[in-house]
Amino acid sequence: MKLLGVETATSWQSVAILDGSRVLGCHEQEAAGSHAKLLLPTIDRLFSETGLALAQLDGLVVSIGPGSFTGLRVGLATVLGFRTISQLPLAVVPTLEGMAWNLRGTTTPLCPILNSRRGELYWALFCWTRDSQLERVISEQVGTATMLGSSLSGSALVFGEGWMVEAAAIRASTPSSATVAEAPDSAMKPSAVSIGLAGIERLRRGEYAGTGISPLYIQRTAAELKYEESGGLSPVILRQERVARKAVPRSVKRVS
């Protein structure tokens, strides 16, 4: 099965053409804020180098998020355009799941971590089974490094740009009962090859993306963020405190 894999969920752009598990071509580069300018020329170059055309492929695969809003929209829009032209089947792969394919066959639970817009992190937990199936242990989450660290238990192999930025904070909040190890450097970045391999499995199962597909955005609600900023105080208590503060000057004035 020949397919085009596209990964634009982060500032790291990765594009690959696979024939089953064989990589026919791959281009990767830093593309912060430039996916819209770089993606199509990169795909064109890849087709030229492999001697293939869109019509010769059997499918399309794209990373669906979470990640950069702009990057995800560019990647998805591009691949949807290819699908419209070619009528090829399309599979979408959650970005963190695709990253777990960077370490396929690893026996230790995997925790890929990406940066979020608000100084927070995206993460999930996966495990490869003995029959080479990837299981999702914890679904996609978003929160602080402290929240991530405290959610870990047992052993975990951690990796991704979020880990590289927040390693100290994550370690500091990890329970003593948990064992955290860092994955090799080669697994740290999202890869179109891994997205492609995960997508092949989906296409073989007939899991095709529908017409109304959109990026997978994982964001905490405004209420959750305000609750955390308040130190965990409920809106009722915060309102009572505001009322009390306003009443104090009037009380003092009456006494004097």
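Based solely on its DSSP helices, what 222 nm [θ] is calculated for the chain when runs of n ≥ 4 H residues each add -39,500 (n - 2.57) and the sum is averaged over all residues, nearest 500 deg cm²/dmol?
Value at 222 nm, helices only: -12500 deg cm²/dmol.
Considering only the other residues whose Cβ falls under 11 Å of the Cβ of ALA53, what net charge follows from Lys and Arg at +1 and Asp and Glu at -1?
Every neighbour counted, the sum reads 0.
I'd like to know which of ILE200, VAL79, GLY65 lies farthest towards the positive end of the charge dipole of the chain, counting +1 on Cβ of Lys and Arg and -1 on Cβ of Asp and Glu.
Positive-most Cα among the choices belongs to GLY65.
Can you tell me the Rg and the Dmax, both Å, for the Cα atoms in the chain?
According to the Cα coordinates of the chain, Rg and Dmax are 22.4, 89 Å.
Beta carbons within 10 angstrom, averaged per residue: use that to sort the peptides 115-121, 90-96, highest first. Could the numbers behind the result be given before it?
Details: 115-121: 16.7, 90-96: 26.4.
The packing order, highest mean first, is 90-96, 115-121.
Bear in mind these aren't lab numbers, they're just calculated from the coordinates by the rules spelled out. Being a predicted model, the structure only gives us computed values, none of them experimental. Here the Cβ is made from the backbone with ideal geometry for all residues, glycine too, and neighbour counts use every protein chain on show.
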